[in-house]
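Peer 1: Here it is, the structure in full.
The values are calculated or read from the model by the stated rules, or taken from the named source; none is laboratory data. All figures in this text were calculated on a predicted structure; none of them were measured in a lab. Quick reminder, even Gly has a Cβ in these numbers, built from the backbone with ideal geometry, and neighbours come from all protein chains shown. Quick note on the areas: whole protein, heavy atoms, side chains included, nothing else; ligands and nucleic acids left out. Shrake-Rupley method; radii C 1.70, N 1.55, O 1.52, S 1.80 Å.
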Amino acid sequence: QAKESGRDACVVYSSDMDKRAAQNLMIRTELIHAVRRHQLSLFYQPLLNAKGEIASVEALLRWHHPQHGFISPADFIPVAEGSSLIIELGEWVLMEACRFIRELQEQGICPPMVSINVSARQFHQDEFAPKLLATLQEQGISPAHIELELTEHVLLTDLQQVRQTMTQLREAGISIAVDDFGTGYSSLSYLQELPLNRLKLDASFIRDMGNGEASASIVKAMIDMSHSLNLEFVAEGVEIQSQFEQLKAYHCDLYQGYLFHRPMPGEELSALLVRLGEQQALSSV
Ligand code: C2E
Ligand code: MG
Ligand code: MG
Ligand code: MG
């Protein structure tokens, strides 16, 4: 009997692996066409300040395949990161974010800062900073409209080089956030050594906050540490009201999560910005 179920478990396991392998293969063969076939889009998720105003938005890549449907960036970004495809995707994301910012400006809407996720291979390219700044200039977008989100993994490969690139970006007016903070099992000394603007604490810490004193203390300590380093603190993945209340009590600066807004298409965000602008105009009369 045990042997039987053992064998069954093994079969399930291997067919799961087959599925994963098949999906990875599909992604690898199809993703190379995604840009040219216009299958990509950007969604935007607002980050709110303590007053509930939109402080910035995060650009999140979406891939819609005509046969395979919606494919999550959590599945296809790691595949793209295995090759230079991630560079091509990154360039597309930047161009699309610029186009969107210009579109808002043309509609007379004041664009929020747009945060863009950048992978290691992208950031560590030769001439990453000058190329990025040249693109912004060509596109007529002020660097003040752009923030880059980098994970600890990106920051800790060649700290010297990272600091140099980052300094160039910061001097030009681009903001920089550490994404998924706390998942890298790294020393914290880099926080003092790099010119950062924001820390985005990984959603797993927010999720654990309700599971007792210790987890909540960690979040509070991270917020206090951010403030003593002059960094803005972002809570990612805020899903329920009690998390929001607790974070507010700890003086968290910015809030991102389904409790407030899900990532949305550009048109939806521009409609939201128009509505909020009208409310503001009304309340200031
Ligand atoms: P990330 O940068 O940490 O982005 C936050 C993720 O959390 C997004 O998932 C977002 O939709 C999700 N999220 C936001 N609020 C909540 C919430 O309250 N609950 C839950 N359960 N999730 C929430 P998404 O869009 O699936 O993206 C996954 C990851 O893919 C991103 O994590 C990022 O690492 C990567 N990614 C997305 N777009 C790009 C891109 O343009 N370039 C690169 N290099 N990576 C990207
Ligand atoms: Mg991010
Ligand atoms: Mg994150
Ligand atoms: Mg992430």
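Peer 1: Please give every one of the lysines within straight-line cross-link reach of K51, meaning a C-alpha to C-alpha distance under 23 Å, and leave out same-chain neighbours fewer than 8 residues apart.
Peer 2: Hits, sequence-local ones excluded: K200, K220, K248.
Peer 1: Quick check: with the 1.4 Å probe, what order do D18, D253, D179, D208 take by accessible area, largest first?
Peer 2: D18, D208, D253, D179
Peer 1: I would also like to ask the following. Under unit Cβ charges (Lys, Arg +1; Asp, Glu -1), what dipole magnitude, rounded to 20 debye, does the range 137-285 have relative to its Cα centre?
Peer 2: Dipole size: approximately 220 debye.
Peer 1: At a threshold of 8 angstrom on Cα-Cα distance, excluding pairs fewer than six apart, so keeping six or more, what relative contact order does the range 153-209 reach in percent?
Peer 2: This gives 37 percent for the range 153-209.
Peer 1: Expressed as a rounded percentage, what relative contact order does the range 1-155 have, with Cα pairs under 8 Å and six or more residues apart?
Peer 2: 19 percent
Peer 1: Express in % the proportion of alpha carbon pairs of the chain at distances exceeding 27 Å.
Peer 2: Summing the P(r) of the chain above 27 Å gives 48 percent of all pairs.
Peer 1: Largest first and in whole Å, what are the equivalent-ellipsoid semi-axes of the range 36-164 based on the Cα gyration tensor, each being the root of 5 times an eigenvalue?
Peer 2: Rounded to whole Å, the semi-axes are 23, 21, 16.
Peer 1: Given charges of +1 on the Cβ of Lys and Arg and -1 on the Cβ of Asp and Glu, with all other atoms neutral, how large is the dipole of the chain about its Cα centre, in debye to the nearest 20?
Peer 2: 320 debye
Peer 1: Counting Lys and Arg as +1 and Asp and Glu as -1, what is the net charge of the other residues whose Cβ lies under 13 Å from the Cβ of A21?
Peer 2: For residues surrounding A21, the net value is 0.
Peer 1: Calculate the tail of P(r) for the range 91-153: the fraction of all Cα-Cα distances greater than 16 Å, expressed in %.
Peer 2: Summing the P(r) of the range 91-153 above 16 Å gives 44 percent of all pairs.
Peer 1: Under the definition of Cα pairs under 8 Å and six or more residues apart, what whole-number percent is the relative contact order of the chain?
Peer 2: After rounding, I find 16 percent.
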